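Working notes, beginning with the structure itself.
The values are calculated or read from the model by the stated rules, or taken from the named source; none is laboratory data. As the structure is a computational prediction, the values presented were derived from the model and not from experiment. Methodologically, a virtual Cβ is constructed for each residue, glycine included, from the backbone with ideal geometry; neighbour enumeration extends over all protein chains shown. Protein only, heavy atoms only, side chains kept; ligands, DNA and RNA dropped before computing areas. Shrake-Rupley method; radii C 1.70, N 1.55, O 1.52, S 1.80 Å.
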Amino acid sequence: MAAAIISLPAAIRRGDIVTVRALIQHPMETGYRRDAGGILLPRDLIRRFTCHVIEGDARMLAFSAELHAAIAANPLIAFSLKADRDCVLEFQWSGDNGFVHRESRSVRFLA
Amino acid sequence: MSVDGWMTGTKTPFEKGGRPRQWAGGFAAFAIAMTGIAAHAQPSDPRKSGTEYLSPATRALQSNDAENPAMLWVKAGEALFNEKPGADRKSCADCHTATVRPLKGIAAGYPRFSIAANRPLNLSMQINLCRQQHQKAATLQHESRELVSLETYVAHQSRGQPIAPWRDARMSQAFINGERHFKTRIGALDLSCADCHDRQAGKQLAGNVIPQAHPTAYPLYRLEWQGVGTLSRRIRNCMSGVRAEPFAHASAEMIELETYLASRAAGMTLETPGVRP
């Protein structure tokens, strides 16, 4: 199973612009490299990353990224969101060979 | 720059012919060397961790846990630490808690002599020994993702601690041999570790700065590896770099070299997990 680390600021005030960092363990094998024996290593890439904002029954796409072969292994994706509502952030990485990894974090504001 | 000055005490274990003395003499010299180092672990210390040679971008990556990719191995290691892989249905966490056989600070004292194995072990080997003897599970392959993750998780618990080589007479021969390996010219390029890391440290080699080779941040993430590897893996890279046959993982020679590196870095702060180019 892949390890992933999501980080949000420890203390968020309503209305803050927060940086979200999402790091995941993945080889991002390009499909162009050969192993020591000359055998082509099959492509194994994360193709898509999404972050949805879940608010009650509503599910809105807040951020997404397409990933390609030139992206390093164990990719770090950082982006900004305006924290203006109580919600849950749902993260998903999906890619080759049926790879799917999900994480979620709730956004809590300072009292 | 040269780091010979503060290590002169370590030259005494050798007799004229270069043969190491019996352990008793060797250990006395070992102890002298250690005090010499302790006295220098001050602001004027000429020793530099490899971290100090990093570009600002790589250094920033190492110092931010939210971005340091090696933290993924710490996290994976923590999950493995709580698994029960063997016939005994025991996890590492069942035997090692914050109060019972705690592992905090332990990594700063490796390699160390193991009574159970009757030889010096590095941290990977000790973890494998626990798997075999205490979990009745199969040993993990050197540099396998599982073993490196467990080691990174354990070593991370010593972050911020000074490297404190184990002062045990049974380690003195390893130290003496390790120093000899470090100073012996090897490979088609006929270079010793000391030729680069003592005598040319701080200078450029094909776009890289030659560091002083202190084991201050292992296991660490190397951008070139696109993953985390141990000190042994790094040493093997340097050995093949000079076209020498690398010491095998877990071989006596590898542990001796690691023992010497640890005492050469005594008192320096452990930064695991590091990031390197």
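Measuring against 21 Å, Cα to Cα, the residue pairs B:75/B:136; B:48/B:203; A:82/B:75 contain B:75/B:136; A:82/B:75 as the ones spanning a longer distance.
Which one, A:93, A:104, A:77, is farthest towards the positive end of the dipole of the stretch A:3-107 when Lys and Arg carry +1 and Asp and Glu -1 on their Cβ? My answer, from the dipole projection, is A:77.
Kirkwood Rh over alpha-carbon pairs of the protein assembly as shown, then Stokes-Einstein at 37 °C and 0.692 mPa s: what D in µm² s⁻¹, rounded to an integer? This corresponds to a translational diffusion coefficient of 143 µm²/s. When DSSP beta bridges are restricted to pairs lying wholly in the protein assembly as shown, around 90% turn out antiparallel. The A-B contact accounts for approximately 1200 Å² of buried accessible area, totalled over both chains at a 1.4 Å probe radius. Considering only alpha-carbon pairs that sit under 8 angstrom and 6 or more positions apart, the relative contact order computed for the stretch B:132-277 is 37 percent.
Within the stretch B:49-276, the percentage of alpha carbon pairs spaced more than 22 angstrom apart rounds to 51%. Beta bridges assigned by DSSP with both partners in the stretch B:49-276 are antiparallel in approximately 75 percent of cases.
Among the trypsin sites (Lys or Arg not before Pro) in the stretch B:202-272, those located in a DSSP loop and surrounded by at most 16 other Cβ atoms within 10 Å of their own Cβ are B:203, B:243. The slack between residue B:98 and residue B:225, meaning 0.36 nm per residue of separation minus the straight C-alpha distance, is 42.4 nm. Diffusion coefficient (Stokes-Einstein, Kirkwood radius over C-alpha pairs, 37 °C, 0.692 mPa s) for the stretch B:41-166: 204 µm²/s, rounded to a whole number. A DSSP coil position with no more than 13 other Cβ atoms inside 10 Å describes the following chymotrypsin sites (Phe, Trp or Tyr not before Pro) in the stretch A:1-71: A:32. If you wrap the tightest convex hull around every Cα atom of the stretch A:3-107 and split its volume per residue, you get 95 Å³. Only protein atoms count toward the accessible area here, which uses a 1.4 Å probe; on the stretch B:116-252, the carbon and sulfur part of that area reaches 50 percent. Using a 1.4 Å probe on protein heavy atoms, which residues of the stretch B:48-90 have at least 30 Å² less accessible area in the complex than alone? So the qualifying set is B:66, B:67, B:72, B:75. In a DSSP loop and with at most 15 other Cβ atoms within 10 Å, there are no GluC sites (Glu not before Pro) in the stretch B:104-165.
Which part of the stretch A:55-84 falls in the paramagnetic zone of residue A:41, meaning amide N under 18 Å from the point 7 Å along Cα-to-beta-carbon? So the set is A:68-76.
When the helices of the protein assembly as shown are scored as -39500 (n - 2.57) per DSSP H run of n ≥ 4 and the total is divided over every residue, the value at 222 nm lands at -8000 deg cm²/dmol. Using Cβ point charges alone (K and R +1, D and E -1), the dipole size of the protein assembly as shown about the Cα centre works out to roughly 600 debye.
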